[in-house]
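Have a look at the structure below, then the notes.
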Amino acid sequence: VVESGVKSMESEVGMIGKNQTLICAPLMADTVDQVVELMHKAKLKGADIVEIRLDHLKSFNPHFDIEKLIKVCPLPTLFTYRPIWEGGQYDGDEKSRYNALQIAMELGADHIDIELKAAHEFNNFLNGKKPENCKVIVSSHNYDNTPSAEELGNLVARIQAAGADIVKFATTAVNVTDVARVFQITVHSQVPIIAMVMGERGLMSRVLCPKFGGYLTFGTLEAGKVSAPGQPTIEDLVNLYNFRLIGPDTKVFGIIGKPEAALACCDEVDPVAKSIGAVNCIVRKPTDGKLFGCNTDYIGAISAIESGLKGPRYSASGIESPLSGKLFIVIGAGGAGKALAYGAKEKGARVVIANRTYDRARELAEIVGGQALSLLELSSFHPESGMILANTTSIGMQPKVDETPVPKEALRNYELVFDAVYTPKITRLLREAEEMGAKIVTGVDMFIGQAYEQYERFTGLPAPKELFKEIMEDH
């Protein structure tokens, strides 16, 4: 989650919140005419510069085609003629490749890209004839991993020594933490630098580079049509990640960790979370700095179910949960099932665990002090009316939207049915439950409910509940 807090560079660039990191659209097509079409599309989408991938052209007349491409391009240009040995498509001789790049430089290209492995030979080929207005990007790609900070520092020094106006290196993320080393190099670079971490786990290197002073990032015209693994679309960069508003002052928040491992890191743990054996929210207490862990998933689900039952009741002994005394059937014996079972038990419900594998249902039922059933038995289980049903399995989730854990006819015995699945929002289980007269609570309701709890614990402020609901209406 990126909070845009840009204060600096605004007057410098002349636009409020506009950073100096460029969005570059890689253009890959079979013909020059198709590339021209893509150039205009890139401008409309909001790109600042285009990378023309000459190695993707099926037929190519260097002087004629490059002259045309530069003349009609509505944006600054970067010409790349990537060979197969560096992850590109070109498999011809090097002299022809160098010749095409030299022509691009002479005809007015704003940037050309040459690989570190070929830079020395290319410099000899140019023989000192380098036009002043063309910036040379010297690039290096590692498709296996991300080296240590020391090795990356040495790599940047070698790229600089190869005559780079702009340093570019791309590594591959084995782990999301690999990105931290690349940011470290970027922020300390004394020369313009393009530093990317490829792959899904490297996405934040592409999104957050303006915070650390990256020269440009790559954004595709369409989802999936990438020139390297893990590239986002221009549209997502601009609209989803607020790329234009990211700068040195931007605060970055992330979701990390493993619920079971996180529990061990806490100084104090909410008793129910301790019973569940997992926390998903850790707060540093302002008084003593101790880490307090809780589980907002079960709170989100239980509070959404209570709201569906019309909130707490008042009795002689005080405020009482509408779940108190109810028969609460949980489908699923995994982590989510365990969380809901403990949450319902805490509210005074009588818990029943139903699972495809009876033994797993029995194990969880013994832990929480409830009854166990196989999923097959559930269809004929109706000791009383007004029961609560909570599905915590993935049955009915996209793409298998026609599946349901309980036959429609059996749903007439329930007052309320909850489904943790939220893709789709209304599952077959919920649709049929509503048709049988039950109240329904969706996985989205649970999702919003757990967000209330986290928001209030992190900020100390009441959650803007109506705003949360509005935001989630389109999902």
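Which pairs have Cβ atoms under 7 Å, sit 6 or more apart or on different chains, and link a residue in region 43-58 that is part of a helix (DSSP H, G or I) to one that is at pLDDT below 95?
LEU54/PHE60
Here is a yes/no grid of residues against (1) at pLDDT below 95; (2) open to solvent by less than 80 Å² (accessible area, probe 1.4 Å):
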position: LYS18; (1), (2): yes, yes
position: CYS24; (1), (2): no, yes
position: VAL72; (1), (2): no, yes
position: ARG82; (1), (2): no, yes
position: ASP93; (1), (2): no, no
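Are there strands (runs of 3 or more DSSP E) fully within region 381-475 with at least 3 residues that are in contact with a strand residue (DSSP E or B) (Cβ under 6 Å, 6 or more places away or on another chain), hydrophobic (A, V, I, L, M, F, W, C) and touching a residue at least 40 places away in the same chain (Cβ under 8 Å)? List them.
Filter on region 381-475 gives 387-391.
Does PHE328 satisfy the condition of being of a type in the set (Phe, Trp, Tyr) and surrounded by fewer than 24 Cβ atoms within 10 Å (Cβ to Cβ)?
Answer is no for this residue.
Filter region 208-246 down to the residues that are aromatic (Phe, Trp, Tyr), outside any helix (DSSP H, G or I), at pLDDT 95 or above and under 18 Å from the mean Cα position of the chain (by Cα) and list them by number.
PHE218
Would you please list the contacts, defined by Cβ atoms under 9 Å and residues six or more apart or on different chains, that run from a residue in region 212-225 that is under 17 Å from VAL36 (Cα atoms) to a residue that is part of a loop (DSSP other than H, G, I, E, B)?
THR220/VAL226; THR220/SER227; THR220/GLN231; THR220/PRO232; LEU221/ALA47; LYS225/MET28; LYS225/GLN231
Considering ILE103, ILE114, which residue is crowded, with 16+ Cβ neighbours inside 10 Å and over 30 Å from PHE183 (Cα atoms)?
Details: ILE114 fails: over 30 Å from PHE183 (Cα atoms).
So the residue among ILE103, ILE114 that is crowded, with 16+ Cβ neighbours inside 10 Å and over 30 Å from PHE183 (Cα atoms) is ILE103.
Just the residues that are more than 27 Å from CYS209 (Cα to Cα) and either open to solvent by less than 70 Å² (accessible area, probe 1.4 Å) or touching a Ser or Thr at 6+ places or on another chain (Cβ under 8 Å) (or both), please, taken from region 250-267.
PRO259, ALA261, ALA262, LEU263, CYS266
Please give the number of the condition GLU132 fails out of (1) modelled with pLDDT of 95 or more; (2) open to solvent by 40 Å² or more (accessible area, probe 1.4 Å).
(1)
Suppose we filter region 174-207 for residues that are part of a helix (DSSP H, G or I), β-branched (Val, Ile, Thr) and open to solvent by 20 Å² or more (accessible area, probe 1.4 Å); how many remain?
The total comes to 2.
Within region 331-344, take every residue that is part of a helix (DSSP H, G or I) and touching a helix residue (DSSP H, G or I) at 6+ places or on another chain (Cβ under 6 Å) and give me the one that is most open to solvent (accessible area, probe 1.4 Å).
My answer is LYS338.
Being of a type in the set (Lys, Arg) and within 33 Å of the chain's Cα centre (by Cα) is the filter; apply it to region 410-438 and report the residue that is surrounded by the most Cβ atoms within 10 Å (Cβ to Cβ).
If we take residues in region 410-438 being of a type in the set (Lys, Arg) and within 33 Å of the chain's Cα centre (by Cα), then ARG428 is surrounded by the most Cβ atoms within 10 Å (Cβ to Cβ).
The values are calculated or read from the model by the stated rules, or taken from the named source; none is laboratory data. Quick caveat: nothing in here was measured; it's all calculated off a predicted structure. Positions of Cβ are generated from backbone atoms using ideal geometry, with glycine treated the same way; all protein chains shown enter the neighbour counts. Just the protein is used for accessible areas: all its heavy atoms, side chains included, with ligands, DNA and RNA removed. Shrake-Rupley method; radii C 1.70, N 1.55, O 1.52, S 1.80 Å.
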